[in-house]
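A short write-up of the structure that comes next.
The values are calculated or read from the model by the stated rules, or taken from the named source; none is laboratory data. Being a predicted model, the structure only gives us computed values, none of them experimental. Don't worry about glycine lacking a Cβ; one is built from the backbone with ideal geometry, like all the others, and counts go over all protein chains shown. Please note that ligands, DNA and RNA were not included when accessible areas were found on the heavy atoms of the full protein model with its side chains. Shrake-Rupley method; radii C 1.70, N 1.55, O 1.52, S 1.80 Å.
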Amino acid sequence: MNTTASEVLQFVKENEVKFIRLNFCDMFGVQKNISTMVDELQTAFAKGVSFEAHSVQGFNDVTRADLLLFPDPATLTVLPWRPGPGRVVRFYCDVKNPDGTAFVRDSRQILKQVVRRARKMDFFCRIGAECEFYLFKTEGDGEITTVPFDKGGYLDISPLDRGENIRREICLTLEEMGINPQTSYHEKGPGQNQIDFKFSDALECADNLLSFKSAVKAIAARNGLYASFMPKPLLNAPGNGMHINISLAKNGHNIFKNADEGHSGIAESFIAGILTKTPEITAFLNPITNSYERFGQFEAPKYASWSHQNHSQLISIPTGSGENVRMELRSPDSAANPYLAFALIISAGLDGIEGNMALPAAVDADLYTADKNVTKDLALLPDNLEKAIELAKNSDLVKSLIGEELLSKYIAVKKEEAVEFAAAEDKSAFYKERYFDAI
């Protein structure tokens, strides 16, 4: 919703809104919120709402305890699953210091900076995120199980697909929230589903992605199920990816073209930048130890390579025409902070354009079965969190974008996570205890 603070105040008055949720996420993408009454909204717009920053992982320590949330009026959304009377609306917020300056570890602000950089270069980036998720049964007391809701497979229908009514309810809920779903279907894994929503600008897509995950979990719970976006909740089944589709416009026209039209040089350099830099930003695109169980199987990539319509590659150029021609980055998963992920990916592409990077030849092969002669010269994605951390630590792209302070905090937390995983005797138990009910 493109609106102003005064219009928001009028909306909440006319629509009997009683409760306001102020949402943000920590630097690891975990959603947080403060609830306030509607009478406090005008003050929130003007002066912000204080919270204890030292209690949010990766934010300030106890010596700089206070930060402020300022709701972004353009993100006004009514939460359809909250019953009336007393409607609930939600805003995404900018995090600021007490003096009104932007908080440097606010990942939403980091993405805004990248969007501004693109606009200064006369580019407008559109993103569509495709998120897979599993539906699991719960027991009578609400305890989460690892038993999938059904045994369906790719594009199956009822009765094999038992999730069609859940997906329908999610799609209707998303429409009420102003998010436009496009397709929904059963994915390859048992109990695995996918709902795609319409392309939008990078910031709106990141906001919508967090809203999408919240809606999916809320509707699943309302139906006695648990929705998991964990990258690999079932080790012997397909993982949950977050495929990121990106197009780039200049002067209102998409610069991506079909293969038979010949790629534009700018588009090739944009893709080349992302292709080259993805290994060193993988710690942010695939931020947990479980993320690396996906790679190299079930259509998740292993190498930094690209091709047309080839789902064994890191970057695929799907079939499309006109404004729908795009690139698809297939390595990220939904454990990522979408603001940081999108910021790093777009920055890598813009660096590619500024450096006039050449796109290497397409690898037109099935990389899961290809001979070593095909793969020997291809760069590998890091296959565990420790390797990804080391690449990120030495990345000029990461340092320049998110800053030494945020990077050091992020790496410290992720190193500890990797150490704990390495010490775990039962990896599956570690995954379940650490991630299953949190992602």
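Miscellaneous remarks
- If the segment from LYS13 to ARG117 were pulled out straight at 0.36 nm per residue, it would be longer than the present Cα-Cα gap by 33.7 nm.
- Using a Gaussian network model of the chain in which every pair of alpha carbons under 10 angstrom is joined by a spring, one finds that among LEU111, LEU172, LEU285 the greatest mean-square fluctuation is at LEU172.
- Sorting SER305, SER214 by accessible area puts them as SER214, SER305; the probe is 1.4 Å, largest comes first, and only protein heavy atoms count.
- Length gained on full extension, THR43 to ALA249, computed as 0.36 nm times the residue gap minus the Cα-Cα distance: 70.3 nm.
- Along each principal axis, Cα extent of the range 1-130, largest first, Å: 43, 41, 30
- Overall Cα dimensions of the range 266-356, principal axis frame, Å, largest first: 36, 25, 21
- Per-residue SASA remark: LEU391, around 70 Å² accessible (1.4 Å probe; ligands, DNA and RNA not included).
- Straight-distance candidates among the aspartates and glutamates for linking to LYS18, with alpha-carbon spacing under 20 Å and chain neighbours fewer than 8 residues away dropped: GLU7, ASP39, GLU40, ASP72, GLU176.
- Put a dot 7 Å past the Cα of ALA412, heading toward its Cβ, do the same for GLN309, and the two dots end up 5.1 nm apart.
- Mean residue ellipticity, 222 nm, helices only, the chain: the sum of -39500 (n - 2.57) across DSSP H runs of n ≥ 4, divided by residue count and rounded to 500, is -11000 deg cm²/dmol.
- Straight-distance crosslink candidates among lysines, where the alpha carbon sits under 19 Å from LYS198 and sequence neighbours closer than 8 are dropped: LYS213
- Eligible lysines near LYS96 by straight Cα distance, threshold 22 Å, same-chain separation 8 or greater: LYS32, LYS47, LYS112, LYS399, LYS409
- Estimated translational D of the range 123-280 in µm²/s (Stokes, Kirkwood radius over Cα pairs; 20 °C; 1.002 mPa s): 125
- Span-like helix ranges in the chain, DSSP H, alpha carbon extent 15 angstrom or more, Kyte mean at least 0.5: 202-222, 265-285, 338-354
- DSSP-defined antiparallel bridges as percent of all bridges, the chain, nearest 5: 85
- Cα centroid separation, the range 382-439 to the range 1-73: 29 Å.
- When the alpha carbon gyration tensor of the chain is reduced to an equivalent ellipsoid, the three semi-axes, largest first, read 32, 27, 23 Å.
- Here the range 196-349 is treated as a Stokes sphere of Kirkwood radius computed over C-alpha pairs; at 37 °C and 0.692 mPa s its diffusion coefficient rounds to 201 µm²/s.
- Linear extension gain, LYS399 paired with GLU420, 0.36 nm per residue minus alpha-carbon span: 5.0 nm
- Computed over the chain with a Gaussian network model linking Cα atoms closer than 10 Å, the most mobile of ARG126, ARG116, ARG90 is ARG116.
- Site-free segments of the chain were taken between GluC sites (Glu not before Pro) in DSSP loops having at most 15 other Cβ atoms within 10 Å, sites themselves excluded; the longest one is 144-424.
- Among MET27, MET230, MET37, residue whose mean-square fluctuation peaks in a GNM of the chain (springs only between Cα atoms under 10 Å): MET37
- Cleavage-rule hits (chymotrypsin sites (Phe, Trp or Tyr not before Pro)) in the range 224-275: DSSP loop, at most 12 neighbouring Cβ within 10 angstrom: none
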